[in-house]
Amino acid sequence: MDKRTLLFVIGLTLVLFLVNQFFDQRHTEDLRQWSQQQAAKKEEKLKILTKDVQARTAKESDLPLVMLYADEKASQPLAVAVQTDKAVIVVAWSNNLPSTVYAKGLDSSEKPTEMSLASPKNSPTGEPVIFRQKGATEPLKIGDLPEFGKYDLQLVITAESGDALSSEIFLGEYTDGHLEIPAEKIAALKKELADEKKASIPIFKEALVLFKTGDTYLPVALYNGEAHLLEPLDSLASLGGLVAKSKQKAAVATSQQGSEKYYVIETPYQQLVFSNIGGALAEVNLPFQSKEDQLSVVKEIEFDRDMVEHHPYNAYFPSHPYYTPGGSSKSDFVENPKGQLGGYYPLLRRDLIEKDRRNTVRLQPRYYAANIVSEYPETAELVYEVKKFTSDEIVFETVQGHRRITKTYSVASEAQAPYCIDLTIAVEGDSRGLWITSGIPEVEWISGAPAPALKYRITRNNKPEVTNIDLPQDSLTSTSTSLDWVCNSNGFLGMIMDPLNSTDPGYRVQKISGMVVPSRLVEIDQEYNRFDPETMPGYMLMLPLKSGGGIMHFRVFAGPFADGVLKTVDKVYTNPTTGYNPDYIASQTFHGWFSFISEPFAKFLFVLMNFFHTLTGSWALSIVLLTVALRVMLYPLNAWSTKSMVRMQQIAPDVTAIQERNKKDPKKAQLEIMNLYREKGVNPVSGCLPLLIQMPFLIGMFDLLKSTFELRGASFVPGWIDNLTSPDVVFSWSRPLPLIGNQFHLLPILLGVVMFVQQRYMSTAPKDVNQMTEQQRQQKFMGNIMAVVFTVMFYSFPSGLNIYWLSSMLLGIAQQYWTTKRMNSAIVPQVIVVKPKK
């Protein structure tokens, strides 16, 4: 092997070694980051679990606990007992129980109450025994623990701390007859995370088990921690005849019979209107951006002003009398007889109050947001009781048979992002077949039609994937997809339902007729049927709750899908340590038949527009500057096309002469014309190139205006161009006319005029019609027709699109004028010198 080959082999080996080292180090670093993220996720899980258990574990003051003493002076504590009426139950602490004990805290008096042993005196240690007040003969009331469902139980043991005794309370999760102790999970997780903590799994002695029945806790069982055995009290032979199940039945929430009550929590971003029917969100109203409210990004548009002016009875927020918090107790609620007129955008469809002999449409509670529904209609109409109501939190609770549902809504925490609501749902008992609803967004009229959009996000192979849901004709149910979140939007605004802990897989979409859940738009020019409710159906998304019940946490985003807002929300909730990112920015939807092609162009255009907006502060001027930027970027192609068209104009007389000379032989004329084009370097199809170049950007701008919230309500000339995402309005009238409706739009007409001028200016045909060929006459006619067609087509398009296309055409005319003038001035006239004959 020669030196050159040897050096090549050594060099190649060294390169391969370095490449291998690079990828190996990269793999090691990725593995290290992955390990750190897994550890961080476990730490986060431990924090959440600990916080959850602490919140669900009853406080000593919430339970009917009393301390038993051996003497009347209450100086010798014996054990902690559970009281029901005139009796107490306690775990035997000795094989030789005293016949008399003294219970402190049994009634309001501070003097201990004397109680006599009702159970056998020789009851073995660890068995439950009963003491009664003197003269009491009634059995001790116990609760009824259902065989099916998931419930929280409270385990009470007597704890020894030196010479003192106290109660220690643990949470138990009872699911279909099986009991688990979350404290054991916490201890095991701590031990797994850091073995040096030497966290031990607690071993329970005999504990009395309490179950919440109505508003009180009743004893239901005895739990042996060492044997992991749960024994119902009524099954113990030693308590035969001494206990009886309480005849108190759980209060069943009735359907909507009484008056519906509404409770309002107001934030700088939202007016949240809760209903006691379903404990759900009947309205989500977003305040308009104003001098007083700079945090909101929602702008008032034409429809909002029209509702206030012509249909004020549907422009109150809230739409019904409501309560606001006035203190710490329920009795301090403040009743408000009427909401504010205007000033808000209704994110969700709500009651439509009709006048002039039309029937008012009341939205059924099952269409509210965050309501719990099932195959039984009464589930959606359960009456909830308000347990807590403050300026940033409201708690609802209802009981239905062997099911208790508690909903907790909270807002305005320091770490919370704008337009977000925290929702906690606790289901005790049978939670099979329950779904939570998204509500139905109000209609946004985008380019002449509603534009609802449904999406969901999943994680596949550790990578996020966002999928559009096809709008169903009736309903759609999926039971196999584990979702990160679902999104229900009207194109510009909407709801994102994000389950933060495990729920059952799947989702459901239901189409609801616009007659059942009408949009507020049907009120506008209703006498002329301007907006037909049948063409504006609603779509409601539903997520299944965990069939095993328990506590489920949701984050609800209810607001505008503005780029800045969604990025802020993602930033607030992103956890770099665990790698978690909610990715709400992916909820934005690009509308249009060719959105799969135009979306990259639309995103590119928005980046440029956003840059120009930071400079000008005006979205309309940003569109003009964007057009200029595109003209500059595409200048070489446009210049080549323009030069070719100018050359076409320059050789037009020669083309005409060839056609006249070969009238009887069109094929020969065509051949000579092609040779002339080749000789002069002219491309006859160059006139189509500018339009072809502009088309992807035109479609991209069209989709951008239909999909970008920032442009909604952005004005250019107040009183004329008030909303770049809708047509400009010079004036309007009541009765709509065919094709043009009831509004006069000036921009499309200006666009048609400019297009007509452009066609005439760019034409290569002679000015005199008599000198034109038949083909040139046809081209002129088609150009005029195109100007009319574009005027009609753009008449209902967004004003922002008209500004873009008008600016583009004016710049095209200016570029052609400048290019033509420069090329004509560069032509050197040929001087023919005729020499005289000698």
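Brief remarks on what is shown
- Among (1) at pLDDT below 85; (2) not in a loop (DSSP other than H, G, I, E, B), the one test that L454 misses: (1)
- Among the residues making up region 288-316, those that are within 25 Å of I524 (Cα to Cα), open to solvent by less than 10 Å² (accessible area, probe 1.4 Å) and touching a strand residue (DSSP E or B) at 6+ places or on another chain (Cβ under 7 Å) are V298, D304, A315.
- Qualifying residue in region 468-485 (condition: out of contact with any Cys (no Cβ under 7 Å at 6 or more places or on another chain) and open to solvent by less than 10 Å² (accessible area, probe 1.4 Å)): yes
- Residues within region 710-744 that are among the β-branched types (V, I, T) and assigned to a loop (DSSP other than H, G, I, E, B), tallied: 4
- Test: residue in region 587-596 that is modelled with pLDDT of 90 or more and open to solvent by less than 50 Å² (accessible area, probe 1.4 Å): yes
- Of all residues making up region 511-556, the number that are small (G, A, S), surrounded by fewer than 20 Cβ atoms within 10 Å (Cβ to Cβ) and farther than 25 Å from H311 by Cβ: 2
- Filter result for T398 (touching a strand residue (DSSP E or B) at 6+ places or on another chain (Cβ under 9 Å), at pLDDT below 95 and in a helix (DSSP H, G or I)): no
- Some residue of region 311-330 being in contact (Cβ under 8 Å) with a residue 60 or more places away in the chain and of a type in the set (A, V, I, L, M): no
- Residue pairs meeting the criteria (Cβ under 9 Å; at least 6 apart or on separate chains; first in contact (Cβ under 8 Å) with a residue 40 or more places away in the chain and crowded, with 17+ Cβ neighbours inside 10 Å, in region 564-584; second among the small types (G, A, S) and part of a helix (DSSP H, G or I)): T578/A40
- In region 282-331, the residues that are assigned to a loop (DSSP other than H, G, I, E, B) and touching a Gly at 6+ places or on another chain (Cβ under 7 Å): K299, E300, I301, A315, P318, S319
- Considering region 405-433, the residues that are β-branched (V, I, T) and farther than 20 Å from L286 by Cα include one that is modelled with the lowest pLDDT, namely V427.
This table checks each residue for (1) assigned to a loop (DSSP other than H, G, I, E, B); (2) in contact with a Gly (Cβ under 9 Å, 6 or more places away or on another chain); (3) surrounded by fewer than 21 Cβ atoms within 10 Å (Cβ to Cβ).
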{"position": "K407", "(1), (2), (3)": "no, yes, no"}
{"position": "A412", "(1), (2), (3)": "yes, no, yes"}
{"position": "T424", "(1), (2), (3)": "no, no, yes"}
{"position": "E428", "(1), (2), (3)": "no, yes, no"}
{"position": "S431", "(1), (2), (3)": "yes, yes, no"}
{"position": "I436", "(1), (2), (3)": "no, no, no"}
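- Filter result for the condition that a residue is in contact with a helix residue (DSSP H, G or I) (Cβ under 9 Å, 6 or more places away or on another chain) and either among the polar types (S, T, N, Q) or at pLDDT below 95 (or both), over T324, T379: T379
- Of the residues screened, Y151 is one that is surrounded by 15 or more Cβ atoms within 10 Å (Cβ to Cβ), at pLDDT below 90 and part of a strand (DSSP E or B).
- Residues (assigned to a helix (DSSP H, G or I) and either surrounded by 13 or more Cβ atoms within 10 Å (Cβ to Cβ) or at positive phi (or both)) located in region 375-391: E378, T379, A380, E381
- Filtered residues of region 275-322 (kept if aliphatic (A, V, I, L, M) and under 30 Å from T398 (Cα atoms)): I277, A280, L281, A282, V284, L286
- Matching residues, region 702-739, being in contact with a strand residue (DSSP E or B) (Cβ under 9 Å, 6 or more places away or on another chain), over 19 Å from A562 (Cα atoms) and open to solvent by 10 Å² or more (accessible area, probe 1.4 Å): P727, V729, V730, F731, S732, W733, S734, R735, P736
- Subset of region 677-717 [in contact with a helix residue (DSSP H, G or I) (Cβ under 6 Å, 6 or more places away or on another chain), at pLDDT 75 or above and among the aliphatic types (A, V, I, L, M)]: I699, M701, L704, L705, L711, A714
- Against the conditions (1) open to solvent by less than 20 Å² (accessible area, probe 1.4 Å); (2) of a type outside the set (S, T, Y); (3) more than 26 Å from R350 (Cα to Cα), R460 satisfies every one except (1).
- Hits in region 538-556 - residues which are within 15 Å of R366 (Cα to Cα) and of a type in the set (A, V, I, L, M): M540, L541, M542, L543
- Verdict on Y344 being among the hydroxyl-bearing types (S, T, Y) and closer than 20 Å to G149 by Cβ: no
- If the condition is being closer than 27 Å to K261 by Cβ and of a type in the set (G, A, S), then region 277-295 contributes G278, G279, A280, A282.
The values are calculated or read from the model by the stated rules, or taken from the named source; none is laboratory data. Keep in mind that what you see is a predicted model, and the values were worked out from it rather than measured. Heads up, the Cβs are rebuilt from the backbone with ideal geometry, glycines too, and the neighbour counts pull from every protein chain shown. Each accessible area value is taken on the protein alone, full model and side chains, heavy atoms only, with ligands, DNA and RNA left out. Shrake-Rupley method; radii C 1.70, N 1.55, O 1.52, S 1.80 Å.
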